[in-house]
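Q: Please see the structure below; I have some questions.
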Amino acid sequence: MSEVLIGIDLGGTNVKTAVVSRAGEVLGKDCRPTRASEGPDVVIDMMVESAEAALSQASVAQSNVLAAGIGAPGPMNWQTGVVFSPPNLPGWKDMPLADTMAKRLGVPCFVDNDANVACFGEFWLGAGRDVDSMVLLTLGTGVGGGIIVMGKLLRGPDGTAAEVGHLCVRRNGRRCNCGARGCLETYASVTGMVRTAVDGIQAGHQTALLERCGGDLEKITGRMISEAAQAGDGFAAWVIGETGVWLGAAIGSLINLLNPEKVVLAGGMIAAGEMLFSPARATAKRQSFEVPGSRASVEAATLGGDAGVIGAAGCALERLGLI
């Protein structure tokens, strides 16, 4: 058996793990609850057990593992592998995650931001595999991101590069959880899209969303908006399109700043398809310089839920200097 990597995607709800060959083939996978509420020691146990289960499924011996890569949430020092205080992992404070997992697994371990590893996964084996420079935006409850420049993941000395969700797109705009106002995340995430819908309904727009939520605006969800739009509700379709416009404005700025060959969109919101992509592409083109704007395509991610584990394994390979 040739040498392999372990990729771990650590989330507040689940731990996902894959055994990945140096060529990028997924040989074995595992997913299990994080059990975050039970504290750091239990979470570490879950990660180790998940890695062992994935190795067993792949029929790969521990001695064939080159290294493990871990995509983790929250602020961290990617160089030392210390995770500071992720909001979805209670009790974690300055956790030396890389060193702890290296001792438990018996191989070198590397830690990176979860959005960064997803970006690297798409760059290595997904939608960005044919380019040298790309931007990934993950569209979910918030907006995450990753940036590849000339084949290298842009991390920054503090590990906070590529926080594209906190680009300011509107002066004195909506209050963001980060404390600032007008962040992209407050307009182009699922949370932001729901806020746009609620604001519109409160302004008097007629929509089937009122019936779907039983008149309780706090019950409106992103899925509800998408389903209403697909059923022909004009207001719901407008909400998705408006979200795409905000997204496109940020993409246009990113194109001018970074000159990427591709901008890849990932996360649950991309299920809206052209209702989201078409206004995002059109706005990005209007907001960017002609040449880089024409070069940069805006495309959907292709790895789905495997982007994190594949990217974590790829980041480990990159940190070893092997790709």
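Q: Can you tell me the dipole magnitude for the chain around its Cα centre, using point charges on the Cβ only (Lys, Arg +1; Asp, Glu -1), in Debye to the nearest 20? Could you put the intermediate results ahead of the total?
A: Values: 26 positive and 32 negative charges, 136 e Å.
Here the size comes out at about 660 debye.
Q: I've got another one for you. Charges on Cβ only, +1 for Lys and Arg, -1 for Asp and Glu, centred on the Cα centroid of the chain; of Ala23, Met275, Ile8, which one is farthest towards the dipole's positive end?
A: Positive-end residue among those listed: Met275.
Q: Report the dimensions of the range 131-302 along its three principal axes from the alpha-carbon atoms, largest first, rounded to Å.
A: Each principal axis gives a Cα extent; for the range 131-302 these are 50, 32, 27 Å.
Q: For the pairs Lys29/Lys219; Lys16/Lys93; Lys219/Lys285, flag any whose C-alpha to C-alpha distance is greater than 24 Å. Spell out each step's value before the answer.
A: Numbers: Lys29/Lys219 35 Å; Lys16/Lys93 22 Å; Lys219/Lys285 35 Å.
From the list (Lys29/Lys219; Lys16/Lys93; Lys219/Lys285), the Cα-Cα distance tops 24 Å for Lys29/Lys219; Lys219/Lys285.
Q: Could you give the length gained on full extension between Gln202 and Asn77, defined as 0.36 nm per residue of separation minus the Cα-Cα distance, in nm? Could the numbers behind the result be given before it?
A: Details: separation 125, 0.36 × 125 = 45.00 nm, distance 4.33 nm.
Length gained between Gln202 and Asn77: 40.7 nm.
Q: Which of the listed residues, Ala229, Trp78, Pro40, is farthest toward the dipole's positive end in the chain, when Lys, Arg count +1 and Asp, Glu count -1 at the beta-carbon?
A: Farthest towards the positive end: Ala229.
Q: If you add up the charges near Gly151, with Lys and Arg at +1 and Asp and Glu at -1, over every other residue whose beta carbon is less than 11 angstrom from its beta carbon, what do you get?
A: Working: positive: Lys152; negative: Asp132, Glu318.
So the environment of Gly151 carries a net charge of -1.
Q: Something else about it: Across the range 289-296, in residue order, what do the Karplus-derived ³J(HN,Hα) couplings come to in whole Hz, using 6.51 cos²θ - 1.76 cosθ + 1.60 with θ = phi - 60° and x for Gly and Pro?
A: 4, 4, 5, x, x, 6, 6, 6
Q: By counting other Cβ atoms within 10 Å of each Cβ, how are Thr17, Thr302 ranked from fewest to most?
A: Working: Thr17 32, Thr302 16.
The order, fewest Cβ neighbours first, is Thr302, Thr17.
Q: Of Met101, Ala300, Gly248, which is farthest along the charge dipole of the chain in the positive direction, counting Lys and Arg as +1 and Asp and Glu as -1 at C-beta?
A: Looking along the dipole axis, the top candidate is Gly248.
Q: Another question about this same structure. Could you tell me what percent of the DSSP beta bridges with both partners in the chain are antiparallel, to the nearest 5?
A: Bridges in the chain that DSSP calls antiparallel: roughly 60 percent.
Q: Assign unit charges at the C-beta atoms only (+1 for Lys and Arg, -1 for Asp and Glu), then state the dipole size of the range 96-186 relative to its Cα centre in Debye, rounded to the nearest 20.
A: In total the dipole reaches around 400 debye.
Q: How big is the equivalent ellipsoid of the range 1-108 along its three axes, where each semi-axis is √(5λ) from the Cα gyration tensor, reported in whole Å from largest to smallest? Walk me through the intermediate numbers first.
A: Values: eigenvalues 110, 41, 25 Å².
In descending order, the three semi-axes are 23, 14, 11 Å.
Q: Could you please state, rounded to a whole Å, how far the C-alpha centre of the range 276-290 is from the C-alpha centre of the range 176-195?
A: The distance from the Cα centre of the range 276-290 to that of the range 176-195 comes to 20 Å.
Q: Based on alpha-carbon centroids, what's the gap between the range 231-252 and the range 102-144 in Å, whole number please?
A: The distance from the Cα centre of the range 231-252 to that of the range 102-144 comes to 27 Å.
Q: Let me ask something else about it. Per residue, how big is the convex hull around the C-alpha atoms of the chain? Give it to me in cubic angstrom, could you? Don't jump to the answer; show the numbers that get you there.
A: Numbers: hull volume 43.6 nm³, N = 323.
Once divided by residue count, the hull of the chain is 135 Å³.
Read-outs throughout are calculated quantities, based only on the coordinates presented, and are distinct from any laboratory measurement. All figures in this text were calculated on a predicted structure; none of them were measured in a lab. Here Cβ is always computed from backbone atoms with ideal geometry, including for glycine, and neighbour counts include all displayed protein chains.
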